[in-house]
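The next block holds one structure in the form of structure tokens; read it before the comments.
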Amino acid sequence: MRLRAAALVKLPAALAGFAVPVVLLVIWQLVAATGLFSASQLPPPADVVTALGGLLRHGELWSHLRASVSRVLFGYLAGAAVALALGSLVGLSVTARRLLAPTVAALRTVPSLAWVPLLLLWFGIDETPKLLLVAVGAFFPVYTTTASALSHVDAKLLEVGRAYGRRGAALLTTVMLPAAGPELVNGLRLGLANAWLFLVAAELIASSRGLGFLLIDSQNTGRTDVMLLAIVLLALLGKLSDSALGVLEHWMVRRRG
């Protein structure tokens, strides 16, 4: 009974998150109905749903979704893995921090599109530059959060770990990473969000599939309904993937407490 009551209390809080999207949908419909914008500038939501149905009937949507999700997945995993390794090194070693941190901080300020010509020059127009650009997007938030979280681990915990003979990698894996766990997951969430942002830039690289390509193609063909559909799908996929990591973060915070 107590669990059921707790679930009922949480239900309105969960539904509250849908309030703003519903309001935005109503405003969208009202603005489209007023004629303030033409149908080619702002089609009503029903037209976007119709565009969704058309893409589903022709089987195009799944092809675009598979391409984008796979690029984000593999690019994110590669970028996050390198970021965790380098961030751990910088967080563990003062020498590494002094050597590497300034250079990485400078590279972090380079805009995403600035990498595109260089990646095209080095790797051509295949999948490799797209995955690398997504990996670059994922790398910096994960690296920054990891290095910062590990460098601020409670000194008393480090003393206890060293008292039990933990040094180097052993200290990192048994003391520092568990202590900074929630912060690291938060960095992974930021990296995932950035990976979706970089995806659109990645799919500008001579792509013929993906939601980023769908955005550009719909702009060229004047299909604003498809353009809005691509934006909505990017938002939904980003939210779903972030929620999955959010569950992990919540679990780690509860376990830590």
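The values are calculated or read from the model by the stated rules, or taken from the named source; none is laboratory data. Please read these numbers as outputs of a predicted model, since none were measured by experiment. Cβ placement follows ideal geometry from the backbone for every residue including glycine, while neighbour counts extend to all protein chains displayed. For the accessible areas, the whole protein counts, side chains as well, though only heavy atoms, and no ligand, DNA or RNA atoms are used. Shrake-Rupley method; radii C 1.70, N 1.55, O 1.52, S 1.80 Å.
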Checked against (1) β-branched (Val, Ile, Thr); (2) at pLDDT below 85; (3) not in a helix (DSSP H, G or I), VAL116 satisfies every condition except (3)
Could you pull out every one of the helices (runs of 4 or more DSSP H) wholly within segment 15-102 that has 2 or more residues that are in contact with a Ser or Thr (Cβ under 8 Å, 6 or more places away or on another chain)? 60-92
Any chance ARG66 is within 30 Å of GLU159 (Cα to Cα) and basic (Lys, Arg): no
Residues (surrounded by 15 or more Cβ atoms within 10 Å (Cβ to Cβ), of a type outside the set (A, V, I, L, M, F, W, C) and part of a helix (DSSP H, G or I)) located in segment 213-238: ASP217, SER218, THR224, ASP225, GLY238
Restricting to segment 73-113, and then to whatever is of a type in the set (Gly, Ala, Ser) and modelled with pLDDT under 85, can you tell me which residue is farthest from the chain's Cα centre (by Cα)? SER93
I'd like the residue in segment 169-212 that is more than 25 Å from HIS250 (Cα to Cα), part of a helix (DSSP H, G or I) and open to solvent by less than 50 Å² (accessible area, probe 1.4 Å) and, out of all such residues, is modelled with the lowest pLDDT. ALA170
Condition (residue is over 25 Å from GLY210 (Cα atoms) and aliphatic (A, V, I, L, M)) applied to segment 106-118: is it met by at least one residue? yes
Which one of these is open to solvent by 60 Å² or more (accessible area, probe 1.4 Å) and under 29 Å from LYS239 (Cα atoms): ALA85, ALA147, ALA138? ALA85
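The rows are residues; the columns are (1) under 20 Å from GLY246 (Cβ atoms); (2) without any contact (Cβ under 8 Å) to a residue 60 or more places away in the chain.
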position: ARG108; (1), (2): no, yes
position: GLY124; (1), (2): no, yes
position: GLU127; (1), (2): no, yes
position: THR174; (1), (2): no, yes
position: PRO178; (1), (2): yes, yes
position: ALA201; (1), (2): no, no
